[in-house]
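The values are calculated or read from the model by the stated rules, or taken from the named source; none is laboratory data. Note that the structure is a prediction, hence the values are computed from the model and not measured. Cβ placement follows ideal geometry from the backbone for every residue including glycine, while neighbour counts extend to all protein chains displayed.
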Amino acid sequence: MRKHLVWLASVSSLSAAIFFGPPALANRTADQVAIGSLSGAYLAARVAEVDDDLPGAIAYYKRALDFDPDNRQIQQSLMLALITNGDVKDALPYAEKLKTVPDVERFSRVALAVDALSARKYSDAITLLQLAVETDLDRLITRLMTAWAKVGRSEGKEAVSDLDALDGPEWFDLFASYHRALVADAAGLPDDADAAYQATIDNAAAGSAAPETWLRAAEAYATFLARKGDKDAALGVVDKAEAFAPGRLPMMALRDKIEKGEKLAPFVADAAAGASEVLLNVGGALNRGGGEPFVRLYLQMALALKPDSDAVLLQLASVAEQQEEPEIAISLYRRIPEGSPLKRAAELQLGLNLADLKRHDEAIAHLRKLLDVDPDDMRAYLALGGVYASKEDFKSAAAVYDAAVEKLKAPTAANWNVFYQRGIAYERLKQWPKAEPNFRRALELQPDQPQVMNYLGYSWVDMNINLDEGLEMIRKAVDLRPSDGYIVDSLGWAYFRLNRFDEAVVELERAVSLKPEDAVLNDHLGDAYWRSGRRLEATFQWSHARDLKPDPDVLLSVQKKLREGLPPLEGKTALESQPKPAPKAGSDTKG
């Protein structure tokens, strides 16, 4: 039975990003790069990149340069690999050689400008940030960073004027107005800063497109207002931000400080921190999909400007998680300063990464200590329960969620995931009478939550109960998340379970197009093809699922189907089970 279990949605969504390169290969020896030709070294570097072995790629590119020191293409590849790996200082000699090469100046000159800003060489930074060829994104980055360099030169009024004149696509507006506010604040222009902050916060549409930047703008504005002594206005901005994204840790910590009347430092302390903020904002916005190479580069340069930035470290750590590099994630989480409001979130994520490394006992001990410190933290219960679920100890997971529910005197919409995860734990324990009420309670707290509707609806269909309601629930989840391959797969698999095979094929083909790398989805499509009489296509799909290296139990099932196919349906004769020709291209597969 297919279940789409995301066992810690609320905690894992604290941040999201992408990373590049496993640490295990960082100490590559000279013997491993002892290649005797330029082409061999270059090919080895490219293969290493394809394999996400960034340290290996760096070593091989360096070896390639031993054969051809002036090769610009190799210098460029090495420079980008070094920056991506966080070795920004090591990349600078190559950036210097490449600063007049148009194809790469957007990175070479920005990297050199980052170094100049760190050294407070603001005039040098301004010169370096003048590109011969630039896209809209390049222009946004260089103009904002130039404004911060001018702040460093005590030319704040000119910097504000430059940003007032900055024109570009509509998506510029949020970033430009936010940094106009920060620059005016740093330049001692409170009226200009206030107006720019307010314009940023009022831009709700842009906030939906770049939520992390909008939320940081709200944090900066509330800090600004509190520093001015306008406590009520500051708390009003915090209220608006928490309505936009409930439970955000920095905002909760800021509210506490404002209410206590603590003295607050400016959100951005100096020109280097301002430039780091630019790169963080751009990296965070690009991280929503499709801009992964830029994300890594910009975040690493942001960190070079502000090495203790908790926001950058958190982004990079979540990048490592998405690239299944838990050791890297753990090392980054450990770098987040103790006094940061993100520290506890980092500690929770650290526990989850220990579990990803199969160090379950260590993860459980780590998370239990966090629960001892704050026994009311629902995120800690979700994290601990998730670790037990990851090792398929659903009895212990259910006990953790039971303890969490006992702590909830008056559950709110934010607590839906506790009941959802408890429902999953009991369902996996085959205690459906305990599972179903938890799914229903989750939907009471968060109506139309797609994950819950998907799980509950599919469970009903799979048990052959509440069929109409279950199918409708899955359809609604698909309508809400049409790009979620797993939820689309649930709809197709529900049709399959109901023997509506042609409809199953349509949905499962769509699911596979959304998640082509998922072995289970490909396996399901093979089953649907087989039942639809499309035996050749079924065999191809099962072979593809096998080649995607599925879990052992799925692999065994796929191998058996490749040998024997699916057994005849009950009530079907061998003749009725014979294959039918595949539909012609463009024809309707429903029949």
Among (1) out of contact with any Lys or Arg (no Cβ under 7 Å at 6 or more places or on another chain); (2) crowded, with 18+ Cβ neighbours inside 10 Å; (3) closer than 22 Å to Tyr529 by Cα - the single one Val461 does not satisfy: (1)
Filtering segment 508-518 down to residues that are crowded, with 22+ Cβ neighbours inside 10 Å and in contact (Cβ under 8 Å) with a residue 24 or more places away in the chain yields Ala511, Val512
For Leu384, state whether it is under 26 Å from Val405 (Cβ atoms), modelled with pLDDT of 95 or more and either within 18 Å of the chain's Cα centre (by Cα) or of a type outside the set (S, T, N, Q) (or both). yes
So, in segment 371-415, exactly how many residues are more than 16 Å from Ala345 (Cα to Cα) and hydrophobic (A, V, I, L, M, F, W, C)? 13
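Results for (1) under 30 Å from Lys121 (Cα atoms); (2) among the acidic types (Asp, Glu); (3) in contact (Cβ under 8 Å) with a residue 12 or more places away in the chain, shown as yes or no for each residue.
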site: Leu303; (1), (2), (3): yes, no, yes
site: Lys306; (1), (2), (3): yes, no, yes
site: Leu314; (1), (2), (3): yes, no, yes
site: Glu338; (1), (2), (3): no, yes, no
site: Leu352; (1), (2), (3): no, no, yes
site: Asp361; (1), (2), (3): no, yes, no
site: Arg368; (1), (2), (3): no, no, yes
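A quick yes/no check of all residues on (1) crowded, with 18+ Cβ neighbours inside 10 Å; (2) more than 26 Å from Pro482 (Cβ to Cβ); (3) touching a residue at least 60 places away in the same chain (Cβ under 8 Å):
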{"site": "Asp502", "(1), (2), (3)": "no, no, yes"}
{"site": "Val520", "(1), (2), (3)": "yes, no, yes"}
{"site": "Leu525", "(1), (2), (3)": "yes, no, no"}
{"site": "Arg534", "(1), (2), (3)": "yes, no, no"}
{"site": "Glu537", "(1), (2), (3)": "yes, no, no"}
{"site": "Asp547", "(1), (2), (3)": "no, yes, no"}
{"site": "Asp551", "(1), (2), (3)": "no, yes, no"}
{"site": "Pro567", "(1), (2), (3)": "no, yes, no"}
If you scan segment 218-253, which residues turn out to be among the acidic types (Asp, Glu) and over 30 Å from the mean Cα position of the chain (by Cα)? Asp230, Asp232
Kindly establish whether Ala477 is aliphatic (A, V, I, L, M) and in contact with a Phe, Trp or Tyr (Cβ under 8 Å, 6 or more places away or on another chain). no
Select the helices (runs of 4 or more DSSP H) contained entirely in segment 185-289, then report the ones holding at least 2 residues which are closer than 21 Å to Ala159 by Cα and modelled with pLDDT of 95 or more. 190-202, 211-227, 271-286
Say whether the condition of being assigned to a helix (DSSP H, G or I), touching a residue at least 24 places away in the same chain (Cβ under 8 Å) and surrounded by 24 or more Cβ atoms within 10 Å (Cβ to Cβ) is met by at least one residue in segment 120-131. yes
Segment 83-119 - residue that is in a helix (DSSP H, G or I) and among the β-branched types (Val, Ile, Thr) and, of those, surrounded by the most Cβ atoms within 10 Å (Cβ to Cβ): Val114
Being at pLDDT 95 or above, out of contact with any Cys (no Cβ under 6 Å at 6 or more places or on another chain), at negative phi and outside the structural domain of Trp530 (by TED's automatic domain parsing) is true for just one of Ala504, Ala477, Ala425. Which residue is that? Ala425
With respect to Arg344, determine if the residue is within 23 Å of the chain's Cα centre (by Cα), within 21 Å of Glu327 (Cα to Cα) and surrounded by fewer than 24 Cβ atoms within 10 Å (Cβ to Cβ). yes
Complete set of residues in segment 90-116 that are without any contact (Cβ under 8 Å) to a residue 40 or more places away in the chain and under 27 Å from the mean Cα position of the chain (by Cα): Ala91, Val104, Arg106, Ser108
If we scan segment 129-140, do we find a residue that is basic (Lys, Arg) and under 13 Å from His179 (Cβ atoms)? no
